[in-house]
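The values are calculated or read from the model by the stated rules, or taken from the named source; none is laboratory data. Quick caveat: nothing in here was measured; it's all calculated off a predicted structure. Reconstructed Cβ throughout: ideal geometry from the backbone, glycine too, with neighbour counts over all protein chains shown.
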Amino acid sequence: MILDLVTTLVVVGALGVLLIGLLAPIESLGWWAGWSGESHLPLPEVGVARPIHLLVYLSGIGSISGDELLAEEARFLDHLQPLLPDVVIVRDVFPYSVSGVGLTSARAFARFWQLLDRMRLHGDQLLSSLINLRNAFQVAVAADPRYGPIFSYGVAQVIVLKAIKAGYRPDGPRPLVLLGYSGGAQVAVGAAPFLRHLLGARVHVISLGGVLDSNPGLRVLSRMDHLVGEHDLMERIGRIVYPGRWPIARESAWNVARREGVVRVQPMLGMSHNTPGGYMDPGARTTSGEVNPEVTARVIASIVQSI
Amino acid sequence: MDPSFGEFVGGALRLDRATFDLVEHSPFGLRLALTVLLLAGASETLGQAVVLVLNRVSKLRFALALGLGGLELAVEALVWIATVWLLAGLFGGYRASFAPAVRVLGLAYAPLLFGVLVFLPYIGPVLARLLRVWVLLAAVTGTSVVFGLVPVVAAVAAVTGFLARWLLLLLFGQLGNIANRWLWRTSTGHTVPLRSTDALLPLGRNEPRG
């Protein structure tokens, strides 16, 4: 009886995961085909804005909307901002949608996602993990050579719009900096060639525990700093599941970028991916006594200042 | 009483010799095999629908492409079955008539009913290869049953048949290309298929490092 129930639950769960996976590329394909309106957004005039240093934050897969960062991520960016007083941090890009539309915004299933968001706020982790699952499949879309270019082109357009609205001027001397946490790093690298094309600017990626494939986007980056926690198991998944990351694939974009010094790996001692002990966990301290988000923010700030 | 469609498919997926034996002698076997081929072809085409969407085909042409995908797989299967049928005698098998071979080896395409899963992001292309290997294993079982060959010899016959089919396609490649182009034009209305990299390469991949 109990075995039957467990079997039924496992089968239903597996079918649910399969369904979410099969639906994952449809948003990007529909956007490209024009099912959901215009796929080529008109880019705003750059105007005469003063040159500023811009950092675009691309959140982890727990994100539900560009308007609503997870509390931990928002607090972390609040730590980072005072360390970079001359840098504008754009924090309202939702990186898991080809058109940047958050899950709780104008969507067919917005109410469902709003419900899951409320459940998450009340501490229900099981069903709300569907948000992570849905976004993880979008990371897979970004890494898939069939869908990735479409997805990345859309996200790049969204980033350009947000960057220009924030006052970014592409002809300034400093590169556009993308800070991608977890799956956000994959999205950042995928979007880089299109950002380079659309803005004509150099692109620098900072990957915070990024779960990354050997994306061709690495070939156009001016640099990527890959911050890896000592106990970050999620980052290791990227090293295992993506064959282009294996040392044997000597000519892969990742290994070439590593050899050329474009990808620089920076270890983050004692840190893991998520709370507890994660890069942004305010309750975790390093051996020096500092809380983790302060250390992470300081490392990122020093990278940005060195550009 | 004959098993149901689902039982036949389930048996083929399990590489069950008894199922292949049943379909060989079933009066509905030919219809069943063709149904499997058409559905498997449509499923595989649906799994590769990215190329249709990328080319912004209409809903009607999309449906047409699914149907023609089924037909294309049926033709591909018939060429393979014919070569295995011709080769089986060389490997010491008894020469069954062509219809039982179609019934059995057509059913062997049952794993491709899952072809729609090729649509899954990232793991889709890997699944596509695994499904083809599954089909090959089912075809080996079917060849062993229908021509009375031991599995190892059946495997050699099936693989040789596959290579012969590949050689035929190479020799008559131009003809195949013309047929493929016709299929593509008829089903989508576009002259040449646009791939995602074709559409977006000029925008990004060739940008120099900054």
Any pair with Cβ under 9 angstrom, 6 or more apart, that starts in region B:73-93 at a residue that is touching a residue at least 24 places away in the same chain (Cβ under 8 Å) and ends at one that is acidic (Asp, Glu) and in a helix (DSSP H, G or I): B:LEU73/B:GLU44
Mind listing just one residue for me: the one in region A:133-163 that is surrounded by fewer than 20 Cβ atoms within 10 Å (Cβ to Cβ) and away from chain B (no Cβ under 13 Å) and, of those, nearest to the chain's Cα centre (by Cα)? A:LYS162
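Consider A:PHE76 carefully, then state whether it is modelled with pLDDT of 85 or more, assigned to a helix (DSSP H, G or I), among the aromatic types (Phe, Trp, Tyr) and crowded, with 20+ Cβ neighbours inside 10 Å.
Yes, satisfied.
Can you list the helices (runs of 4 or more DSSP H) lying wholly within region B:134-210 that have 3 or more residues being at pLDDT 65 or above? Show your work before the answer.
Numbers: elements: B:151-171, B:173-188, B:196-200.
So the answer is B:151-171, B:173-188.
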If a residue counts only when it is more than 14 Å from chain A (Cβ to nearest Cβ), which helices (runs of 4 or more DSSP H) contained entirely in region B:1-85 have at least 2 such residues? B:5-13, B:17-25, B:29-47
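Kindly indicate the residue of region A:257-271 that is buried (at least 18 other Cβ atoms within 10 Å of the Cβ) and assigned to a helix (DSSP H, G or I) and also nearest to the other protein chains (Cβ to nearest Cβ) among those meeting that condition. Break it down into steps so the answer makes sense when it comes.
Filtering region A:257-271 down to residues buried (at least 18 other Cβ atoms within 10 Å of the Cβ) leaves A:257-258, A:262-263, A:268, A:271.
Restricting the remaining residues to those that are assigned to a helix (DSSP H, G or I) gives A:257-258.
Details: A:ALA257: 9, A:ARG258: 14 Å.
Going through the qualifying residues, I end up with A:ALA257.
For region A:137-185, give me each residue that is in a helix (DSSP H, G or I) and modelled with pLDDT under 90. Steps first, answer last, please.
Looking only at region A:137-185, we keep the residues that are in a helix (DSSP H, G or I), and these are A:137-143, A:148-165, A:183-185.
Matches in region A:137-185: A:ILE164, A:LYS165.
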Evaluation of A:ASP225 against (1) within 14 Å of chain B (Cβ to nearest Cβ); (2) of a type in the set (D, E, K, R); (3) not in a helix (DSSP H, G or I) (one fails), failing number: (1)
Residue check, A:GLY62 against (1) part of a loop (DSSP other than H, G, I, E, B); (2) more than 15 Å from the chain's Cα centre (by Cα); (3) surrounded by 15 or more Cβ atoms within 10 Å (Cβ to Cβ), all met but one. Which one? (2)
Looking at A:PRO243 and the list (1) at pLDDT 90 or above; (2) within 12 Å of chain B (Cβ to nearest Cβ); (3) at positive phi, which single condition is not satisfied? (3)
For B:GLY67, work out the one condition from (1) at pLDDT below 90; (2) surrounded by fewer than 20 Cβ atoms within 10 Å (Cβ to Cβ); (3) over 23 Å from A:LEU22 (Cβ atoms); (4) not acidic (Asp, Glu) it doesn't fulfil. (3)
Considering only residues that are at pLDDT 90 or above and in a loop (DSSP other than H, G, I, E, B), which ones fall in region A:1-27? A:ALA24, A:PRO25
Can you tell me which condition A:TRP254 does not meet? The list is (1) in a helix (DSSP H, G or I); (2) crowded, with 18+ Cβ neighbours inside 10 Å; (3) within 14 Å of chain B (Cβ to nearest Cβ), and all the others hold. (3)
Return the residues of region B:87-128 that are part of a loop (DSSP other than H, G, I, E, B) and either over 23 Å from B:SER26 (Cβ atoms) or within 14 Å of chain A (Cβ to nearest Cβ) (or both); say none if nothing qualifies. B:GLY92, B:LEU120, B:PRO121, B:TYR122, B:ILE123
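Could you list, in sequence order, the residues of region A:13-22 that are touching a residue at least 60 places away in the same chain (Cβ under 8 Å) and farther than 17 Å from B:GLN48 by Cβ? Outline the logic, then answer.
Just the residues of region A:13-22 that are touching a residue at least 60 places away in the same chain (Cβ under 8 Å), to begin with: A:17, A:20-21.
Result: A:VAL17, A:ILE20.
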Of the residues in region A:272-307 that are in contact (Cβ under 8 Å) with a residue 40 or more places away in the chain, part of a helix (DSSP H, G or I) and among the polar types (S, T, N, Q), the one that is surrounded by the most Cβ atoms within 10 Å (Cβ to Cβ) is A:THR296
Residue check: is B:GLU72 touching a Lys or Arg at 6+ places or on another chain (Cβ under 8 Å) and either over 23 Å from B:GLY161 (Cα atoms) or among the charged types (D, E, K, R) (or both)? no
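State whether one or more residues within region A:121-131 are more than 18 Å from A:SER28 (Cα to Cα), more than 8 Å from chain B (Cβ to nearest Cβ) and buried (at least 19 other Cβ atoms within 10 Å of the Cβ).
We begin by selecting, within region A:121-131, every residue more than 18 Å from A:SER28 (Cα to Cα); these are A:121-130.
Among the residues that remain, those that are also more than 8 Å from chain B (Cβ to nearest Cβ) are: A:121-130.
Cutting the leftovers down to buried (at least 19 other Cβ atoms within 10 Å of the Cβ) gives us A:128.
Yes, because at least one residue in region A:121-131 is more than 18 Å from A:SER28 (Cα to Cα), more than 8 Å from chain B (Cβ to nearest Cβ) and buried (at least 19 other Cβ atoms within 10 Å of the Cβ).
Going through A:LEU212, A:LEU179 one at a time, which residue ends up being within 14 Å of chain B (Cβ to nearest Cβ), under 18 Å from the mean Cα position of the chain (by Cα), closer than 23 Å to A:PHE76 by Cβ and crowded, with 24+ Cβ neighbours inside 10 Å?
Values: A:LEU179 fails: within 14 Å of chain B (Cβ to nearest Cβ).
After ruling out the rest, the residue left standing is A:LEU212.
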